[in-house]
1. Under 16 Å from the Cα of residue 77, which lysines turn up, not counting those fewer than eight places away in the same chain?
2. Only four residue types carry charge here, +1 at the Cβ of Lys and Arg and -1 at the Cβ of Asp and Glu. Report the dipole size of the chain about the Cα centre in Debye, rounded to the nearest 20.
3. Is the stretch 4-214 best put as rounded, prolate or oblate by its Cα gyration tensor, with a ≥ b ≥ c the root eigenvalues, rounded for a/c under 1.5, and otherwise prolate when a/b is larger than b/c, oblate when not?
Amino acid sequence: MLKIQSLGLICQGLGLRLLGIVSTQDPLDGTECQIALIGNIGDDFWQFLTAAPEYSDGLPDRLDRYCRRTLTESAPKNARLIMPSDQPYAPFQSWAQGLGTMHPSPLGMLIHQDYGLWFAFRAAWRFPANTFILNQPQQSTSPCQTCADKPCLNTCPVSAFSATGLAADTCRDYLTAAPNPCIAHQCQARLACPIGEKYRYQPEAGQFFLKSFARIAQ
Ligand code: SF4
Ligand code: SF4
């Protein structure tokens, strides 16, 4: 039987992390399956990406292409790769909430008790049901519940957050206009969050991820 630890090691060898595995229904056909969520925590991933051929080939979507290639090449034989950019879009956030350690935040993205806002989903492997023996999900409390001031909500220069989460177009319009502190340093709202400070992205990596999100040529 495939071991969870083996999956974790495959991901680590690519600079990625196995964020957890959930039992759920396949969004395409409704069958029972298990989803292994893969992403980056902090910017460990950065040195792997910058050394990869995709980083310097001059073509767009370097991050997505790096993850797609390496996770296709390394996939266990009964796994199917699902990328966040694949359509129809897969419910990554909903899957992740099944882990019990990631919670909705006022910014729309999930927050983790330890890593805060400094992680991202990059892919998932879909496995047949019962491929792994899973423990009961851990249950943590959202750090947002005890964050009285919620500084994340008062720092975005264009107030791109509302009760429904991030207004992505408002954010992108701002990022693609004149020079701004977000592109220069990082998303100001994310930086304002006190959780997981040691996992903050270094400026070069943060700038790259933000430009990728805003589809700014780089
Ligand atoms: S600043 Fe507070 S409310 Fe905002 S994401 Fe961080 S913990 Fe949650
Ligand atoms: S990147 Fe800047 S504009 Fe976009 S949500 Fe963060 S703080 Fe607001």
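Read-outs throughout are calculated quantities, based only on the coordinates presented, and are distinct from any laboratory measurement. Keep in mind it's a predicted model, so treat the numbers as computed, not measured. So basically every Cβ, Gly included, is an ideal-geometry build from the backbone, and we count neighbours across all protein chains shown.
1. Candidates past the 8-residue exclusion: 3.
2. 180
3. Oblate.
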